[in-house]
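Structure, as structure tokens:
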Amino acid sequence: MARISLEDLDGLGEEAEDGGGEDGEEEEEEEEEERSRLFAHWEAVASTHRVSLPRDMAGPIVQMTRHSQAREAVPYVTLSQQEKCKEAAYEERRYPAGKWACVTKGEPMYEQSISMSFMKLMRYICKENSVGCYLGMTVPVLNEIHLTKEGTELEREVVTAYYLPGEFQQNPPVPMDPEIHITERAPLRVITRVFYGMTTEETILREISLFWELLGSTDTVLRETYIVAVYENPSIPQRRNEIWFICRAE
């Protein structure tokens, strides 16, 4: 049975009165069951991050899930690749300048900051924007982090950034949420390494340490600022992530 968009949900009752009959009621029940099932799953994930999931996130969750296969990659150029045991250990990339929608949060836990920021970005992507439509998902979503002076903990403030799809780069839709800012980010050169699973302060610090061991002593990258690149939604347990070491300006 063909699925309808969330925007059509409000009109289902009227269509049923005009002759939709039992088919219309069945579709409406299926829609509600899907919303409830997905919301319950995401709510369970949010609870592991100590975040409460508002009921108004049900719509964006369903919409993002239905479009999960249509994701636009943030453009970049691979400059070099290093291998270890015949597998890619890390690679150097150059990302061009571009417009990003950014949210800054400073919650007690890293997972809380990124979860709350991503919920805001989901609403913006799905409908809460000046064009009033689904903008399209791009990957990865970036989380810019900073280490304390001692280098043993993360600073509380995290910037979460969503790259505007190509069709909106020249004229980005205006967010309805004042906490979302459209930012033109300069070209970026990074050294990246893949890891899988949940991203917590503990796992991030471990991955940074492992990456430094692999990379060795160098002054070509920043030591206080890093980026965690996320390629899959938070409901996927073994999701793909990357640690980005930011290269110093040449």
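Only protein heavy atoms count here; under a 1.4 Å probe, SER115 has an accessible surface of about 20 Å². Among the lysines of region 77-199, pairs at least eight places apart or on separate chains and with Cα atoms under 20 Å apart come to 4.
Counting DSSP beta bridges in region 63-159, what percent are antiparallel, to the nearest 5?
Working: 11 of 14 bridges.
Taking every DSSP beta bridge with both residues in region 63-159, the antiparallel ones total about 80 percent.
Tell me the net charge near LEU188. Cut-off is 10 Å between Cβ atoms, LEU188 excluded, with +1 for each Lys or Arg and -1 for each Asp or Glu. Combined, the nearby Lys, Arg, Asp and Glu give +4. Rolling a 1.4 Å probe across the protein heavy atoms gives region 99-250 an accessible surface of 45 Å² per residue. The accessible surface of region 124-250, taken with every protein chain in place and a 1.4 Å probe, is 51 percent carbon and sulfur. Scanning residues 5 or more positions from ALA89 or on other chains, those with amide H under 5 Å from its amide H are GLN82, GLU83, LYS84, with H placed 1.01 Å from N in the peptide plane. For region 192-239 versus region 136-179, the spacing of their alpha-carbon centroids is 16 Å.
Is region 87-131 rounded, prolate or oblate when judged by the Cα gyration tensor, a ≥ b ≥ c being the square roots of its eigenvalues, rounded requiring a/c under 1.5 and prolate requiring a/b larger than b/c?
oblate
Sort region 62-174 into rounded, prolate or oblate with this rule: let a ≥ b ≥ c be the square roots of the eigenvalues of the Cα gyration tensor; rounded if a/c is under 1.5, and if a/c is not under 1.5, prolate when a/b is larger than b/c, oblate otherwise. Don't skip to the end; give the middle numbers.
Numbers: a/c = 1.95, a/b = 1.20, b/c = 1.62.
Taking the square roots of the gyration eigenvalues as a ≥ b ≥ c, region 62-174 is oblate.
The values are calculated or read from the model by the stated rules, or taken from the named source; none is laboratory data. None of these values were measured; they are calculated from a predicted model. We place every Cβ from the backbone using ideal geometry, glycine too, and count neighbours over all the protein chains shown. Remember, those area values only see protein heavy atoms, side chains included, never the ligands or the DNA or RNA. Shrake-Rupley method; radii C 1.70, N 1.55, O 1.52, S 1.80 Å.
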